[in-house]
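Asks: Just passing along the structure, written as structure tokens.
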Amino acid sequence: MDKRIENFAKLAVEFGVNVQKDEDVLISTPVENPELARLIAEESYKKEARKVAIDWKDDRITRLNYEYQAGETLNEVPDWQVEKSRYQIAEKKSNRISIVSEDPDLLKGLDQVKIAESIKARSEKTKEFVKYTMNDIVSWLVISVPNKKWAKKVFPDLGEEEAYNKLWEVILDVSRVSESWEETKANWQNHIDTLDEKASFLNSHQFDKVHYKSSNGTDLEVGLPKNHIWMSAGSSNAKGDRFIPNMPTEEVFTSPQYDDVNGKLVASKPLVYNGVVIDDFYFIFENGKVVDFDALVGKETLAKMLESDDGSKNLGEIALVPYDSPISNSNILFYNTLFDENASCHFALGKAYPTTIKDGASVEDDKVREELGINDSLIHEDFMVGTSDLEIIGYKGDEEFKIFENGNWAF
């Protein structure tokens, strides 16, 4: 797999954040598997990056901190951390690459109230920097590497080393990475073109609302804001450079009208939030807001997520992903949102991407953003709803158009 991993790093730099000469690169990565970050750093310098900085993360230390630190200590966000973010993100506008690799059960059994309050405190202190990615001011990318605990969760019947290697192989497969760099580039260009075509079609119709129905109980109507924009794999930063925020990616997405969502929405896959698995859950929406919910697994954690702030009970993203797609067809439950959301149509609770509304990225005033119909929140949490029999109907005035049938594109 060595050649494929090298191509994965090259893909992250050239197609992912699209590093340009004299730009900075900021990589967040786990200490357990540092090799991809090192390769990305090398590829960035080959593209004449000015500087590459690495933020290391350690799952074991993270759990120890949540287990033993007092709540008031966890809630501290030192000024130097804020200034570091201001320098790297706001001043230098670094290309941001997040390499995610977490144990799905990392924080299982710990105090969820303490964890939620700590995350909220950090989010509030660093809120000013969220716009640099949510508004596509800078290029950003989320990719993944395996770790052994995560691999055993995904492949419990395999030995630890075998599971780890298997997960690496699958990550490269669904990320369309081959041993040939030219083939890898062609895979991605063809894929981007396909998703762009779907987004273009949806944008040309400007549906007023969409209606979701599936046999698991989902029956939901979602209003769409005026001048909404369906986006696909590629985005453009403030300088006009193209980049791809997620690898893998299979979605075409936009923002719902935050106060016009009504009905029942049933999750089709587990969600891992704050190191805890949430499963068998649903939401009831009225006028855009969650008014009832339940979960057979992780209900307390789900409740804390919904209590994050005023906008956490409203939807901020609606994303279309065909059931017949590489990740879904792998029949693997990854317990990792980056992969599971790209195997399934999904929604996100919380903050909307301002770029999904015409001129939305330039809006700073919360009241104007609300008038445009897009939600604001400290959180943005995706959860999966796609099924093999999902039907989605788009409405434009009195006209109906079938968007999804039997879980797949109908056009």
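Asks: Can you pull out the residues in the range 361-411 that are assigned to a strand (DSSP E or B), over 30 Å from ASP280 (Cβ atoms) and without any contact (Cβ under 8 Å) to a residue 12 or more places away in the chain? Write out each step before concluding.
Replies: First, the residues of the range 361-411 that are assigned to a strand (DSSP E or B): 380-384, 391-396, 399-405, 408-409.
Add one more test, that the residue is over 30 Å from ASP280 (Cβ atoms), and what stays is 395-396, 399-401.
Matches in the range 361-411: GLU399, GLU400.
Asks: With the requirement that a residue be buried (at least 19 other Cβ atoms within 10 Å of the Cβ) and among the small types (Gly, Ala, Ser), what does the range 345-362 give you?
Replies: ALA348, GLY350, ALA352, GLY360
Asks: Restricting attention to the range 119-173, and to residues there that are hydroxyl-bearing (Ser, Thr, Tyr) and under 21 Å from the mean Cα position of the chain (by Cα), which single residue is surrounded by the most Cβ atoms within 10 Å (Cβ to Cβ)?
Replies: For the range 119-173, the residue satisfying everything is SER139.
Asks: Report yes if ALA348 is over 24 Å from HIS211 (Cβ atoms) and either in contact with a helix residue (DSSP H, G or I) (Cβ under 6 Å, 6 or more places away or on another chain) or not in a loop (DSSP other than H, G, I, E, B) (or both), otherwise no. So that I can check it myself, show each step before the final result.
Replies: Working: over 24 Å from HIS211 (Cβ atoms): no; either in contact with a helix residue (DSSP H, G or I) (Cβ under 6 Å, 6 or more places away or on another chain) or not in a loop (DSSP other than H, G, I, E, B) (or both): yes.
When the stated conditions are applied, ALA348 does not pass them.
Asks: Say we look at the range 52-72 and pick out the residues that are of a type in the set (Lys, Arg) and surrounded by 15 or more Cβ atoms within 10 Å (Cβ to Cβ); which of these is nearest to the chain's Cα centre (by Cα)? Let's see the steps before the verdict.
Replies: Residues of the range 52-72 of a type in the set (Lys, Arg): 57, 60, 63.
Imposing the further condition that a residue be surrounded by 15 or more Cβ atoms within 10 Å (Cβ to Cβ) reduces the set to 57, 63.
Values: LYS57: 19, ARG63: 23 Å.
Looking at the filtered set, the residue picked out is LYS57.
Asks: Take the range 111-140 and flag every residue that is over 14 Å from ARG86 (Cα atoms), without any contact (Cβ under 8 Å) to a residue 60 or more places away in the chain and either of a type in the set (A, V, I, L, M) or touching a Phe, Trp or Tyr at 6+ places or on another chain (Cβ under 9 Å) (or both).
Replies: ASP111, LYS114, SER118, ALA121
Asks: Moving to a separate point now. Would the range 174-197 turn up any residue that is over 30 Å from SER44 (Cβ atoms), among the β-branched types (Val, Ile, Thr) and over 21 Å from the mean Cα position of the chain (by Cα)?
Replies: If we filter the range 174-197 for residues that are over 30 Å from SER44 (Cβ atoms), which is where we start, we get 197.
Checking which are among the β-branched types (Val, Ile, Thr) leaves us with none.
The answer is no; no qualifying residue exists.
Asks: May I ask you to say which residue of VAL142, VAL170, VAL138, VAL177 is among the β-branched types (Val, Ile, Thr) and in a helix (DSSP H, G or I)?
Replies: Details: VAL142 fails: in a helix (DSSP H, G or I); VAL138 fails: in a helix (DSSP H, G or I); VAL177 fails: in a helix (DSSP H, G or I).
Within the list VAL142, VAL170, VAL138, VAL177, the selection yields VAL170.
Asks: Oh, and also: Could you check how many residues of the range 10-35 are part of a helix (DSSP H, G or I), touching a helix residue (DSSP H, G or I) at 6+ places or on another chain (Cβ under 8 Å) and surrounded by 24 or more Cβ atoms within 10 Å (Cβ to Cβ)? If you could, list the steps in order and put the result at the bottom.
Replies: Going residue by residue through the range 10-35, those that are part of a helix (DSSP H, G or I) are 10-16, 35.
Imposing the further condition that a residue be touching a helix residue (DSSP H, G or I) at 6+ places or on another chain (Cβ under 8 Å) reduces the set to 10-15, 35.
Add one more test, that the residue is surrounded by 24 or more Cβ atoms within 10 Å (Cβ to Cβ), and what stays is 11-13.
Number of matching residues: 3.
Asks: Taking GLY360 and the conditions (1) within 22 Å of ILE137 (Cα to Cα); (2) in contact with a strand residue (DSSP E or B) (Cβ under 8 Å, 6 or more places away or on another chain), which numbered condition does it fall short on, given that it satisfies the others?
Replies: Condition not satisfied by GLY360: (2).
Asks: Right, something else. In the range 276-318, which residues are touching a Ser or Thr at 6+ places or on another chain (Cβ under 8 Å), under 25 Å from ARG63 (Cβ atoms) and β-branched (Val, Ile, Thr)?
Replies: Within the range 276-318, VAL276, ILE278 meet the criteria.
Asks: Right, something else. Just a yes or no: is a residue in the range 165-178 over 25 Å from PRO245 (Cβ atoms) and either touching a His at 6+ places or on another chain (Cβ under 6 Å) or free of Cβ contacts under 8 Å to residues at least 12 places away in the same chain (or both)?
Replies: Of the residues in the range 165-178, the ones over 25 Å from PRO245 (Cβ atoms) are 165-166.
Imposing the further condition that a residue be either touching a His at 6+ places or on another chain (Cβ under 6 Å) or free of Cβ contacts under 8 Å to residues at least 12 places away in the same chain (or both) reduces the set to none.
The answer is no, given that none of the residues of the range 165-178 is over 25 Å from PRO245 (Cβ atoms) and either touching a His at 6+ places or on another chain (Cβ under 6 Å) or free of Cβ contacts under 8 Å to residues at least 12 places away in the same chain (or both).
Asks: Run down ASP382, ASP366 and say which single residue is at pLDDT 95 or above, closer than 30 Å to THR126 by Cα and either crowded, with 16+ Cβ neighbours inside 10 Å or out of contact with any Cys (no Cβ under 7 Å at 6 or more places or on another chain) (or both).
Replies: On the way: ASP366 fails: at pLDDT 95 or above.
From the options ASP382, ASP366, the qualifying one is ASP382.
Asks: Looking only at residues in the range 302-337 that are in a helix (DSSP H, G or I) and within 19 Å of the chain's Cα centre (by Cα), which one is nearest to LYS114 (Cα to Cα)?
Replies: At the first step, the residues of the range 302-337 found to be in a helix (DSSP H, G or I) are 302-306, 326-329, 337.
With within 19 Å of the chain's Cα centre (by Cα) added as a condition, the list becomes 302, 305-306, 326-328, 337.
Numbers: LEU302: 14, MET305: 12, LEU306: 15, PRO326: 38, ILE327: 34, SER328: 35, THR337: 23 Å.
Only one residue fits best here, namely MET305.
Asks: Among the residues of the range 1-34, write down those that are acidic (Asp, Glu) and without any contact (Cβ under 8 Å) to a residue 24 or more places away in the chain.
Replies: So in the range 1-34, the residues acidic (Asp, Glu) come out as 2, 6, 14, 22-24, 32.
Once the filter is applied, which keeps residues that are acidic (Asp, Glu) and without any contact (Cβ under 8 Å) to a residue 24 or more places away in the chain, the range 1-34 yields only ASP2.
Asks: Additional query: Regarding LYS84, is this residue under 21 Å from VAL142 (Cα atoms) and exposed (fewer than 15 other Cβ atoms within 10 Å of the Cβ)? Don't jump to the end; show me each part of the working.
Replies: Values: under 21 Å from VAL142 (Cα atoms): yes; exposed (fewer than 15 other Cβ atoms within 10 Å of the Cβ): yes.
So LYS84 passes the test.
Asks: What number of residues within the range 293-305 are surrounded by fewer than 18 Cβ atoms within 10 Å (Cβ to Cβ) and aliphatic (A, V, I, L, M)?
Replies: Residues meeting the conditions: 3.
Asks: In addition: Please determine, by comparing only the residues of the range 233-284 that are more than 20 Å from the chain's Cα centre (by Cα) and either charged (D, E, K, R) or outside any strand (DSSP E or B) (or both), which one is surrounded by the most Cβ atoms within 10 Å (Cβ to Cβ).
Replies: My answer is ASP260.
Asks: Tally up the residues in the range 87-113 that are buried (at least 17 other Cβ atoms within 10 Å of the Cβ) and not in a loop (DSSP other than H, G, I, E, B), please.
Replies: Step one: list which residues in the range 87-113 are buried (at least 17 other Cβ atoms within 10 Å of the Cβ), which gives 88-89, 92-104, 106-107, 112.
Checking which are not in a loop (DSSP other than H, G, I, E, B) leaves us with 88-89, 95-100, 112.
Residues meeting the conditions: 9.
The values are calculated or read from the model by the stated rules, or taken from the named source; none is laboratory data. The shown structure was predicted, so the numbers you read here are calculated from the model rather than taken from an experiment. Counting neighbours? That spans all protein chains shown, and the Cβs are built from the backbone with ideal geometry, glycine included.
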